[in-house]
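Here's the structure we're looking at; comments come further down.
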Amino acid sequence: MSSAREPSFRESVDLMFNRAVRLMDLSPGLEEKIRVCNATYTVRFGVRLRGQIHTFTGYRSVHSEHMEPVKGGIRYATAVNQDEVEALAALMTYKCALVEAPFGGSKGGLCIDPREWEVHELEQITRRFAYELIKRDLINPSQNVPAPDMGTGEREMAWMADQYARMNTTDINAKACVTGKPLNAGGIAGRVEATGRGVQYALREFFRDSRDIEKAGLSGSLDGKRVIVQGLGNVGYHAAKFLQEEDGCIITGIIERDGALVSAKGLNVEDIRAWIAQHQGVKGYPDATYVENGSAVLEEECDILVPAVLEGVINLDNAANIKARLIIEAANGPVTAGADEILREKGVIIIPDMYANAGGVTVSYFEWVKNLSHIRFGRMQRREEEARNQLLVAELERLSDYMGDTWSMTEDFKKKYLRGAGELELVRSGLDDTMRTAYQSMREIWHSREDVSDLRTAAYLVSIGKVAASYQAKGL
Ligand code: GLU
């Protein structure tokens, strides 16, 4: 958060929760039970590295256990603290409820700058952190299932899963103890791209309803929309890439750690990603204008703004200057409660984090199910499906021969139709369905209730309603 006037991240989430819960008919006791974070575990551990002992501080926070396991990523960043981890854990509860992933909410973090350490050192630190969490069932396939977040990825998840397996040698479901693993270590196709893909599916669903497009003061489809993306990390990169390559969006701004690139004719996401990998930043990239004060580009003219890095980047200091008509929160908590109010008054539409970035946990859910069922999705059906399609194509070809040359199938259609769905197609289909259904549940409230003027409140109403029902069913 940039301003002293601003509440903390966790308070900001609570304020948004309170705003929504006022419109519901929950008992004050249940309301409080849902709002609070159940427990936060803090651990400090030492690792001998480079000839001396280094002490690290880590957290795992469990917000709600109305369903178990609880779910949520583990973040590696120097700014990690208890308040942040608790806010993120709360968002996980609401996110999972909204997209009907059968989990409670949790989140973890380690205060570390991963770029300061060699890979083998990071492995030692990660294994030690995982050991501390596993010992207390804070990593466990049936109780608490971490995943990647900022600063972590497949590699860290593979180390954690292996650490769990070493400590639980007879657990047949050991692989389900974390998600976001590499494919060859029990991962699932499409998990790395999942959050960015979810952002794309969310925008597609938004643009399917002319009333929503109108509310944002936009028109037409995604094609040709000017998009500014903050952060070309895993989420921002995939979202920007898919929107550019598949939906015709023009990426007019990319904001990174060392500044921003802007170009009215559009930036090539793939090229810039490669440039960053080589030069550790965007500066010097030839085909765009470089802006040293990157965050100023958040205030540039555009149709859609995609903050995909950190919480609190749109706050009391800059909210009034935002010119985008539509903001999609690819990061968790990028808009503070105060900024949310300013933007609402300006008529800016915000697709809220708990929905917009839920693609990650959705595909994590598929991965967890895959691990528990010990079989890849599509393995049984794929060839059978292809054989049936082949049967139909052969029959149609026979008929077409019989009728002379009056019609025929195109080769492209045949190729596509004949191919049975593999794991990646099934994952994308499941993700698409999840993102559409969850959006529709928000949309219904947004359009039908006069006291609900924004999508965030609608999202809270849906998710709090689900969590409440689950507590009530337990007799609470
Ligand atoms: N860290 C991601 C999130 O914030 C993914 C969590 C998960 O897959 O469990 O949603």
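The values are calculated or read from the model by the stated rules, or taken from the named source; none is laboratory data. Please read these numbers as outputs of a predicted model, since none were measured by experiment. Virtual Cβ from ideal backbone geometry, glycine too; neighbours counted across all protein chains shown.
For region 367-402, taking the residues that are under 22 Å from D433 (Cα atoms), among the polar types (S, T, N, Q) and loosely packed, with under 15 Cβ neighbours inside 10 Å, the one that is farthest from the ligand (Cβ to nearest atom) is identified as Q381. Against the test of being in a loop (DSSP other than H, G, I, E, B), closer than 20 Å to E193 by Cα and in contact with a strand residue (DSSP E or B) (Cβ under 7 Å, 6 or more places away or on another chain), the options L232, L243 yield a single qualifying residue, L232. For region 178-196, the tally of residues that are part of a helix (DSSP H, G or I), of a type in the set (A, V, I, L, M) and farther than 14 Å from G430 by Cβ stands at 2.
For region 75-103, the set of residues classified as under 19 Å from Y355 (Cα atoms), within 11 Å of the ligand (Cβ to nearest atom) and not in a helix (DSSP H, G or I) consists of V99, A101, F103, listed by residue number.
Yes/no matrix, rows are residues, columns are (1) more than 23 Å from M435 (Cα to Cα); (2) buried (at least 20 other Cβ atoms within 10 Å of the Cβ):
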site	(1), (2)
G281	yes, no
Y285	yes, yes
G333	no, yes
G338	yes, yes
Y365	no, yes
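When A324 is tested against (1) under 24 Å from S8 (Cα atoms); (2) among the hydrophobic types (A, V, I, L, M, F, W, C); (3) part of a loop (DSSP other than H, G, I, E, B), just one condition goes unmet, and that condition is (1).
Looking only at region 129-140, decide whether some residue is within 11 Å of the ligand (Cβ to nearest atom), in contact with a Phe, Trp or Tyr (Cβ under 6 Å, 6 or more places away or on another chain) and not in a loop (DSSP other than H, G, I, E, B). Checked against the condition, which is being within 11 Å of the ligand (Cβ to nearest atom), in contact with a Phe, Trp or Tyr (Cβ under 6 Å, 6 or more places away or on another chain) and not in a loop (DSSP other than H, G, I, E, B), region 129-140 yields no hits at all. Please identify the pairs in which a residue from region 197-210 that is part of a helix (DSSP H, G or I) has its Cβ atom under 6 Å from the Cβ atom of a residue that is surrounded by fewer than 19 Cβ atoms within 10 Å (Cβ to Cβ), counting only partners at least 6 apart or on another chain. From region 197-210, the pairs are Y201/D432; E205/R436. The residues listed here are R10, R22; of these, the one that is under 28 Å from I314 (Cα atoms) and surrounded by fewer than 16 Cβ atoms within 10 Å (Cβ to Cβ) is R22.
The residues listed here are V119, V85, V70, V62; of these, the one that is modelled with pLDDT of 95 or more and surrounded by fewer than 23 Cβ atoms within 10 Å (Cβ to Cβ) is V119. Per the listing I276, I251, the residue uniquely of a type in the set (A, V, I, L, M), touching a residue at least 12 places away in the same chain (Cβ under 8 Å) and touching a Gly at 6+ places or on another chain (Cβ under 7 Å) is I251. Can you tell me which residue in region 31-74 is nearest to the chain's Cα centre (by Cα), limited to those that are within 15 Å of the ligand (Cβ to nearest atom) and basic (K, R)? Among them, the one singled out is K71.
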